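The values are calculated or read from the model by the stated rules, or taken from the named source; none is laboratory data. Just so you know, these numbers come straight off a predicted model, no measurement behind them. Counting neighbours? That spans all protein chains shown, and the Cβs are built from the backbone with ideal geometry, glycine included.
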Ligand SMILES: [Zn+2]
Ligand SMILES: [Zn+2]
């Protein structure tokens, strides 16, 4: 299935919902042949569980009513490159393809830190490589993350010594 | 008293930087009379005011010649900096008048490429050239006898569970422990088959259970506060206490739910589970058996990767020292046939 901007728009909506819930604003949708199976937003704070990333929220919802074989014909749209944990989880559920917004320099598992999605050493009968394509609505995803971190810093219990961060609006071009 | 490292029933999984071969680089040296050292060092200072990549090498090696005479070999520069002829020419230009000194022709030798970070690395490279190495064991992991006993007990319990498991699930087991009081915080086993969920690995389930017990703890804490609130009409002092959880405090603490905790696992965790432990800020990991796709030593070293923001200590081969035991327990711990093992 080719990239369809309307699904990334839905993922962005899910990211905004996460933002309003004081979570790191990352959102995603799983799409099977034109049908949205589930949306997910980050929930580590609400769940007290640092592993409750947007992808896991949606995967759990899908598996509550579908067999895992459904992922063979399912694509993921996610606003930020999946982290190393989620990148591995996506192999293990057998995702077909991943479209993401901005890269994840600190934790990215689809090329930024590791190539978990393509690494041949990770091949097992239940962990298959998958294609991944970044840069879709990258600027929007970055702006939302920046807004989040500016808000975090300004609400920190003890103000940092350096001046509160201001929102940077220029975005370096993708490398 | 701390137990010597050689007696630990496990071994630390070191970072690549700590376990790598230090490699070699080629440098030029020349031999001179000790009395002329200052002159030659002046030349080096003028020629290469900032030399990089040689910080771990001493500048001078002392050579005791058979007849009791002493010469000094002086490290000049990496051979990549210039050719031998050019270096000879520069030395000859400098070597006149007040600066005159006798020296041997320059010669290329090998010195370690990287600085040694521990004694093993130091011992392996010190024959090449005098190396600057100050052993600092303050940050090295240390275990006393009772800690070793606790570790052994926890791991043995998991291995036994694994050997006795008849559930049709993969025989992977995990347990989170608070090492400050040896209290078990949560346990988890693999439930991929029963849950029809390919991500319900033992470690993920165990982390979920840590979060669950923390949610319970906070709820009962809240209940207690509410009870005190209802009593507060009689006791005005208590009413001032804030019963609503501080949102910022919650946000602050969530990601660090496993801070200071240890996790024991029968198998080296897969990439997903290893990164989940990093996200949860685990303190230390102890695993029994390495996995083909493990990410704490085998395929990746997520616990010590340079660009990841949290580092933690990992100990592998726990209770596998004794090979006869490893052989006896391994068949129970198989995660598939050779080459087809699935993620732990
Ligand atoms: Zn993730
Ligand atoms: Zn795992």
Q | Number of the exception - residue B:199 against (1) surrounded by 15 or more Cβ atoms within 10 Å (Cβ to Cβ); (2) touching a residue at least 60 places away in the same chain (Cβ under 8 Å); (3) more than 16 Å from ligand 1 (Cβ to nearest atom) | A | (3)
Q) Do we have residue A:19 as in contact with a helix residue (DSSP H, G or I) (Cβ under 7 Å, 6 or more places away or on another chain), surrounded by fewer than 23 Cβ atoms within 10 Å (Cβ to Cβ) and either assigned to a helix (DSSP H, G or I) or in contact (Cβ under 8 Å) with a residue 60 or more places away in the chain (or both) here? A) yes
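Residue-by-condition table, conditions (1) within 22 Å of the chain's Cα centre (by Cα); (2) in contact (Cβ under 8 Å) with a residue 12 or more places away in the chain:
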| position | (1), (2) |
| --- | --- |
| B:131 | no, yes |
| B:137 | yes, no |
| B:160 | no, no |
| B:171 | no, yes |
| B:179 | yes, yes |
| B:188 | no, yes |
| B:191 | no, yes |
Q: Find all pairs meeting these conditions: Cβ atoms under 6 angstrom apart; at least six residues apart or on different chains; first residue within region B:208-226 and without any contact (Cβ under 8 Å) to a residue 12 or more places away in the chain; second residue surrounded by 12 or more Cβ atoms within 10 Å (Cβ to Cβ).
A: B:215/A:48
Q: Please specify each residue of region B:279-306 satisfying the condition of being at the interface with chain A (Cβ under 8 Å from one of its Cβ atoms), under 17 Å from residue B:16 (Cβ atoms) and in a helix (DSSP H, G or I).
A: B:302
Q) What is the one condition in (1) surrounded by fewer than 23 Cβ atoms within 10 Å (Cβ to Cβ); (2) more than 16 Å from ligand 1 (Cβ to nearest atom); (3) farther than 20 Å from residue B:17 by Cα that residue B:306 does not satisfy? A) (3)
(Q) residue A:58 - would you say it is closer than 18 Å to residue A:145 by Cα, touching a strand residue (DSSP E or B) at 6+ places or on another chain (Cβ under 6 Å) and away from ligand 2 (no atom under 16 Å from the Cβ)? (A) no
Q. Does region B:20-27 contain any residue that is in contact with a helix residue (DSSP H, G or I) (Cβ under 6 Å, 6 or more places away or on another chain), part of a loop (DSSP other than H, G, I, E, B) and either under 28 Å from residue B:124 (Cβ atoms) or not assigned by TED's automatic domain parsing to the domain that holds residue B:151 (or both)?
A. yes
Q: Please verify whether region B:268-277 includes one or more residues that are within 16 Å of ligand 1 (Cβ to nearest atom), assigned to a loop (DSSP other than H, G, I, E, B) and more than 23 Å from residue B:179 (Cα to Cα).
A: yes
Q.
Looking only at residues that are touching a strand residue (DSSP E or B) at 6+ places or on another chain (Cβ under 6 Å) and more than 12 Å from ligand 2 (Cβ to nearest atom) in region B:191-212, which one is farthest from the other protein chains (Cβ to nearest Cβ)?
A. B:209
Q. Mind checking whether some residue in region B:161-178 is part of a loop (DSSP other than H, G, I, E, B), in contact with a strand residue (DSSP E or B) (Cβ under 8 Å, 6 or more places away or on another chain) and within 15 Å of residue B:262 (Cβ to Cβ)?
A. no
Q: Assess whether residue B:333 counts as being at pLDDT below 95 and in contact with a strand residue (DSSP E or B) (Cβ under 6 Å, 6 or more places away or on another chain).
A: yes
Q | Qualifying residue in region B:36-53 (condition: part of a strand (DSSP E or B) and surrounded by 12 or more Cβ atoms within 10 Å (Cβ to Cβ)) | A | no
